[in-house]
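Please read the structure below before turning to the comments.
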Amino acid sequence: MNYKPILSIVLAGMMFSAAAQTHKEGVEYYEAGQLSNAKELLERNLNNAGTDKAVTYYYQGLIALDDENPAEATRLFNLGVTANPEYAYNYIGLGQIELQKGSPKVAQENFKKAESLGKKDAAVQVAIARAYDSVDPALYADEIGKRIAKARKIDLNCPDIYIFEGDVKARNKDYGGAGASYEMAVNYDPKATAAYFKYANLFSQVNPEYVINMLKKLLADNPNSALGQRSLANAYYDQNMFKEAAEQYGKYVKNPNHFKQDEDRYAFLLFYGQDYQGGYDYATQLLNSNPDNFTAQRYQFMNAAQLPSKSGDLLSMADALYAKHLQNPDKNVMAPIDYTLIAEEFTTAKQPDKAVEVLNDGIKTLPNTASFYKQLAMVYVDKDDMPQASNAFDGFVKNTAEPGYNDMIQGAVFAFYAGVQAKATDAAASDAFYQQAADYADKAAELYPSMYRPEKIKGDIALQKGDKEATLAHYLKSIELLEAMDDTSRYASDAKNLYNYVGNAYLDKNDKATAKRYFNGYLKYDPDNADYRKFVDGL
């Protein structure tokens with residue numbers, strides 16, 4: 001049942017000190033443009049020790065503006081003013097609302113208040129420029145320019161200046177210029193997380209290796225940044241570097257500012273990073289804290305299925321997982337691997353009817369998943385129900401983009417034996433299966449014209465239908481193709497059957513010379529068969 005070879009990654013503890021949970025991570029996410037994540041963290045950490053509520057309300061107000069909810073934004077900015085009247089930025093937020101209302105003079109009064117509180121703060125000037133830019137960059141171009149000029153005069157090294165300029169250039173699709181601006185920001189402030197993140201995002205599609213290196217630099221200067229940890233883990237994931245992604249997520253989920261939904265991804269990455277024991281332990285830990293966590297239950301089973309030490313628990317786990325899915329299929333959604341592993345466990349436990357139920361459920365839910373049909377076909381083979389096996393395998397071929405020669409041969413074999421099995425009870429169904437087997441054989445011959453097997457299968461069909469002349473013709477053609485092949489030792493069983501049948505057919509025609517020629521062909525594959533050789537020599 002092993003899915004991949006087992007590797008080992010040490011699963012670390014789960015939490016940092018709760019003291020790390022303040023407004024700062026929410027601000028980082030906001031400045032990186034991830035507003036929904038920022039909103040969650042700002043709300044989660046609002047009342048924690050160390051959180052500056054004035055800062056939190058300001059960024060929550062900006063998010064409300066982005067959500068086109070100025071009334072809520074006004075409420076939040078006013079809460080910020082109440083929390084700390086000396087904090088300049090909530091006045092900037094109130095000014096931005098006045099700009100949106102078409103009241104620039106009232107907006108300027110708020111901006112002046114902010115300036116008076118941050119006379120030597122270049123970032124205040126940049127925030128005012130952003131307020132104007134967010135409302136109408138063309139209309140307020142002069143004001144924006146003045147504010148950035150003031151910011152430079154106050155502190156030329158302020159990273160906010162260059163991040164803002166980078167954002168404007170990126171918006172105008174000047175990606176090279178944006179990158180240069182973000183690089184300036186990190187040169188002036190190695191802890192300017194948003195600049196690293198935005199710089200990396202510019203290259204996410206064209207140079208993922210560069211993105212990874214940039215995020216590593218971010219974490220070198222700000223190792224506890226949840227944004228940096230999460231972004232680097234996702235960058236590894238995007239490149240299918242599952243082991244590295246799992247290691248990075250292992251660091252990230254210990255950060256108190258991680259998101260609960262990312263715990264499930266960590267369990268996923270431990271599995272695909274091949275740390276099955278770590279994945280099992282982590283999923284078990286999640287289940288202990290929340291027994292209703294269906295995703296954790298899935299990954300607990302998936303990882304357990306790769307661990308020999310858990311083999312005795314797999315049947316009960318499979319039963320429980322599938323039962324949980326059936327309780328609420330719309331909520332407790334399974335992926336193809338879940339159906340596959342559960343069905344495999346039922347098959348191993350000699351419970352084929354349950355395996356059939358699971359796979360048919362998978363086909364109903366994900367009808368284009370070819371592997372379900374193939375697995376179902378093999379379950380029916382174990383049940384000695386070849387008609388159902390043939391029908392299931394036909395579904396596999398129809399849902400495979402480019403079925404190959406072996407697929408066609410397998411389909412022909414299943415259909416042939418389905419015809420044999422149906423022969424005694426349903427002649428029409430038997431003939432239909434034989435025709436399907438012949439069609440598969442013809443398709444196999446098109447893909448591999450020099451192979452003997454398709455002709456043999458058509459001969460087998462003719463033999464079952466009692467057509468001796470057609471059987472002989474197909475078998476002769478099959479032998480012709482077989483004899484033209486370089487190495488036929490692995491086909492000895494088929495070869496002996498072919499030569500023996502054809503030899504006897506010519507013997508029935510009283511053509512002993514030709515019969516002997518084919519009987520000698522048999523002996524090439526079974527030279528030590530003394531009785532057969534004696535029979536041939538006596539002809």
When you count, for each residue, the other Cβ atoms within 10 Å and take the mean per peptide, how do 102-112, 486-496 rank with the highest first?
102-112, 486-496
For a protection proxy built on the mean count of beta-carbon atoms within 10 angstrom, sort 40-49, 290-299, 528-537 highest first, please.
290-299, 40-49, 528-537
Two-site FRET efficiency, LEU366 against TYR175, from Cβ-Cβ distance with R₀ of 35 Å, rounded to 0.05:
0.35
Could you run the Karplus curve 6.51 cos²θ - 1.76 cosθ + 1.60 with θ = phi - 60° over the stretch 523-528 and give me ³J(HN,Hα) per residue in whole Hz, x for Gly and Pro?
5, 4, 9, 9, x, 8
Taking θ = phi - 60°, what integer Hz values does the Karplus form 6.51 cos²θ - 1.76 cosθ + 1.60 yield along the stretch 417-432, in sequence order, with x for Gly and Pro?
5, 5, x, 4, 5, 7, 4, 6, 10, 8, 4, 5, 5, 4, 4, 5
Match the structure shown to one of the listed values (i) 73, 25, 21; (ii) 32, 29, 26; (iii) 41, 33, 21 of semi-axes √(5λ) of the Cα gyration tensor in Å, computed from it, and give that label.
(i)
Once amide H atoms are placed 1.01 Å from N in the peptide plane, what residues at a sequence separation of 5 or more from ASP174, or on another chain, have their amide H within under 5 Å of its amide H?
none
For a protection proxy built on the mean count of beta-carbon atoms within 10 angstrom, sort 396-402, 415-421 highest first, please.
415-421, 396-402
In whole Hz, what ³J(HN,Hα) sequence does the stretch 215-226 give by Karplus (6.51, -1.76, 1.60; θ = phi - 60°), x for Gly and Pro?
5, 5, 5, 4, 6, 5, 8, 9, x, 9, 6, 4
Label-point separation (nm) for ASN157 and ASP487, each offset 7 Å from Cα along Cα-to-Cβ?
7.2 nm
Can you figure out the FRET efficiency of PHE535 with GLN435, using R₀ = 41 Å and their beta-carbon distance, to the nearest 0.05?
0.65
FRET efficiency for THR82 and LEU35, using Cβ-Cβ distance with R0 set to 25 Å, rounded to 0.05
0.55
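Laboratory data are not the source of any read-out in this text; all were calculated from the coordinates shown. Owing to the predicted nature of the structure, the values given are computational and were not obtained by experimental measurement. Quick reminder, even Gly has a Cβ in these numbers, built from the backbone with ideal geometry, and neighbours come from all protein chains shown.
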